[in-house]
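Written below as structure tokens is the structure these notes are about.
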Amino acid sequence: MNQGSNQMTKGKTEQGELIKYEAKKYLRYWFWFLLSIFIALAFAFLYLRYTPRLFTSNAKIQILNKSKGIELPSSAFIFNRSTINLENEIEILKSLQISERVADNLDLTMTFYEVGNVRTTEINQFPFNLVKTVSNYSIYSHQSFKIVVASEGFEIYKGSSEQPILFPNFSSYKKNHDLPFEIQASSLASIKENKGRTFILKFTPVTDAARRIKSGIGVSVLGKSSDLLTLSYTSENIAKSEIILNELIDVFNLDGIKDRQEISERTIEFIDDRFALLAGELDSIEGGK
């Protein structure tokens, strides 16, 4: 009994010594383990902080059939043609033509960014008064302008040029230039708040802006037998996503109204032609009598 107990105790001791030996073999590299953990946490922090965050805005619209006797809905809903075909409506919503109208209406040929220490992020509102002096459809290529808010005024760089165009007193209206926009500070407070910051202004052709909108649109049917469509739009700016989604619904709504107006006009023309033909035939019959 004692011999078995001694052997068990001896086995536990040897096992403990083996564990200590293995632990000591790795503990001498504790510095590298700690350094690896620190580097991993640092990379995770930088990734979460500087990776662009995407926001998705959602909306629901109802495709109404006017043959059911439903009154014209508000702008939050979509008018249907003579019969409901959800697949056709989805294709129209995701068409480049609709996206192009949205881009033109919202002036999305201009995009503003702020240059950060690590990442350049898109912003929804530019802190100064900027007026575009060219039309959307006159922009045929991508253009980029770097706007530096310096101590004495704006420094604007065209494309990759290293020679800035200087605008003292934070206004471009009193100086001749070939920029496609005018820029001016609205107040001393806006100058003070933004001094030292750098912004990027990008001009994009309407078609390219429309393709960007089209790629961010998602449309799906809510249920198998439903007349509801779920719309979504994904971008880095949640406010901009909501604006684009609302404008998309409005544009599609107006497109439906225009289609029905054209159908009504053609119907009225057809009826008028038939009335004129019948009237002529009646006059001919009366004359014969």
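The values are calculated or read from the model by the stated rules, or taken from the named source; none is laboratory data. All values reported here derive from a predicted model rather than from experimental measurement. In this analysis, Cβ positions are derived from the backbone assuming ideal geometry, glycine residues included, and neighbour counts consider all displayed protein chains. For the accessible areas, the whole protein counts, side chains as well, though only heavy atoms, and no ligand, DNA or RNA atoms are used. Shrake-Rupley method; radii C 1.70, N 1.55, O 1.52, S 1.80 Å.
Quick look at the numbers
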{"read-out": "Single match in T121, T111 (criterion: of a type in the set (V, I, T), under 30 Å from K195 (Cα atoms), within 14 Å of the chain's Cα centre (by Cα) and modelled with pLDDT of 85 or more)", "value": "T111"}
{"read-out": "Lone qualifier among E162, E242, E152 - being surrounded by fewer than 17 Cβ atoms within 10 Å (Cβ to Cβ), touching a residue at least 24 places away in the same chain (Cβ under 8 Å) and not hydrophobic (A, V, I, L, M, F, W, C)", "value": "E242"}
{"read-out": "Out of E236, E193, sole residue that is charged (D, E, K, R) and either over 10 Å from the mean Cα position of the chain (by Cα) or more than 20 Å from T111 (Cα to Cα) (or both)", "value": "E193"}
{"read-out": "Lone unmet requirement of (1) in a strand (DSSP E or B); (2) at positive phi for K146", "value": "(2)"}
{"read-out": "Filtered residues of region 134-143 (kept if within 20 Å of P164 (Cα to Cα) and assigned to a loop (DSSP other than H, G, I, E, B))", "value": "H142"}
{"read-out": "Matching residues in region 153-181 - criterion: being closer than 20 Å to E114 by Cα, in contact with a strand residue (DSSP E or B) (Cβ under 8 Å, 6 or more places away or on another chain) and among the charged types (D, E, K, R)", "value": "E155, K158"}
{"read-out": "Check on Q184, touching a strand residue (DSSP E or B) at 6+ places or on another chain (Cβ under 9 Å), closer than 14 Å to F126 by Cβ and in contact (Cβ under 8 Å) with a residue 40 or more places away in the chain", "value": "yes"}
{"read-out": "Failed item in (1) open to solvent by 50 Å² or more (accessible area, probe 1.4 Å); (2) free of Cβ contacts under 8 Å to residues at least 60 places away in the same chain, with S171 passing the rest", "value": "(1)"}
{"read-out": "Which numbered condition F170 misses (of (1) modelled with pLDDT of 90 or more; (2) within 25 Å of the chain's Cα centre (by Cα))", "value": "(2)"}
{"read-out": "Whichever residue in region 174-190 is more than 19 Å from M110 (Cβ to Cβ) and small (G, A, S) and, among such residues, is surrounded by the fewest Cβ atoms within 10 Å (Cβ to Cβ)", "value": "A189"}
{"read-out": "In region 211-230, residue least open to solvent (accessible area, probe 1.4 Å) [restricted to those that are part of a strand (DSSP E or B) and touching a helix residue (DSSP H, G or I) at 6+ places or on another chain (Cβ under 6 Å)]", "value": "V219"}
